[in-house]
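First comes the structure, then the notes that go with it.
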Ligand SMILES: [Zn+2]
């Protein structure tokens, strides 16, 4: 698995850079996404690369699990193409399928203008994650182990409950080791990484009925005190509580904010974790979740380059 992670190619990066080399998006209106027809449609074979312990093959628009289960990548009622998903991202989040889950390109490394118009990785098919990590709290719990977060700095102060599925515990341990090295050189970064508030936490995403990926034990939130979260900013700015995500008008979304240094993000991405700071509209800069299907190279199934 580790060897198989090949990060998004420079070709894709530069292609997107050219496509999206437009000024920063104005949030006064729903951003018009440029046509992405020149970009290759996402190829679901990334699931085979990303989850070799679980997914055996991709054939006839289905993922074939090692236990023989066939899961269609398109579901009735979900959006059929990358273009449609880009046009109605909220609908794609509310009616997810395995295609939508990988359709929006996540770019590793520093944010660029292309990343500013979508929330890459925020479309998730719960059925997929429940099958992989457990569809009940008890099933997820049976696969958890304790990982002490950055013990050189914090000893046993922060025990995290993390899944052993897909070796997520080992990958998060590598993040912890590398972040310790980073903080030895740059002690000013320690504040971002202390007091991680949660890894495993069975719950829905605030203001929605969709499962949070913290439910599966493969997601961690770092220090909330130095992070930014769009919903808290929205609630503060509008003096409201208990809002539903779907009821919030696009032009009312708070302005993007982030304080997390890129070097921290780079370490998580190198181990297969995507960062919520790349969700430009629904930023969640404390949040890192294990989503290797978004970090393996996209080949495209249309033959277009
Ligand atoms: Zn989180």
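One residue stands out among those in the range 188-213 that are within 12 Å of the ligand (Cβ to nearest atom) and free of Cβ contacts under 8 Å to residues at least 60 places away in the same chain: the one that is surrounded by the fewest Cβ atoms within 10 Å (Cβ to Cβ), which is 203.
Those helices (runs of 4 or more DSSP H) of the range 154-250 in which 2 or more residues are at pLDDT below 95 and under 22 Å from residue 260 (Cα atoms) occupy 230-238. With respect to the conditions (1) crowded, with 21+ Cβ neighbours inside 10 Å; (2) assigned to a loop (DSSP other than H, G, I, E, B); (3) modelled with pLDDT of 95 or more, residue 259 falls short on a single one, namely (1).
Residue-by-condition table, conditions (1) in contact with a helix residue (DSSP H, G or I) (Cβ under 7 Å, 6 or more places away or on another chain); (2) crowded, with 22+ Cβ neighbours inside 10 Å:
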{"residue": "96", "(1), (2)": "no, yes"}
{"residue": "100", "(1), (2)": "yes, yes"}
{"residue": "103", "(1), (2)": "yes, yes"}
{"residue": "131", "(1), (2)": "no, no"}
{"residue": "137", "(1), (2)": "no, no"}
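A single member of 265, 296 is in a loop (DSSP other than H, G, I, E, B) and either away from the ligand (no atom under 16 Å from the Cβ) or in contact with a strand residue (DSSP E or B) (Cβ under 6 Å, 6 or more places away or on another chain) (or both), and it is 296.
Residues in the range 284-293: is at least one in contact (Cβ under 8 Å) with a residue 40 or more places away in the chain, within 14 Å of the ligand (Cβ to nearest atom) and over 21 Å from residue 173 (Cα atoms)?
To start, the set of residues in the range 284-293 that are in contact (Cβ under 8 Å) with a residue 40 or more places away in the chain comprises 284-293.
Keeping just the survivors that are within 14 Å of the ligand (Cβ to nearest atom) gives 284-291.
In the following step, the residues that additionally are over 21 Å from residue 173 (Cα atoms) were identified as 284.
Checked the range 284-293: at least one residue is in contact (Cβ under 8 Å) with a residue 40 or more places away in the chain, within 14 Å of the ligand (Cβ to nearest atom) and over 21 Å from residue 173 (Cα atoms).
The values are calculated or read from the model by the stated rules, or taken from the named source; none is laboratory data. Note that the structure is a prediction, hence the values are computed from the model and not measured. Note: ideal-geometry Cβ built from the backbone for every residue, glycine included; neighbour counts use all protein chains shown.
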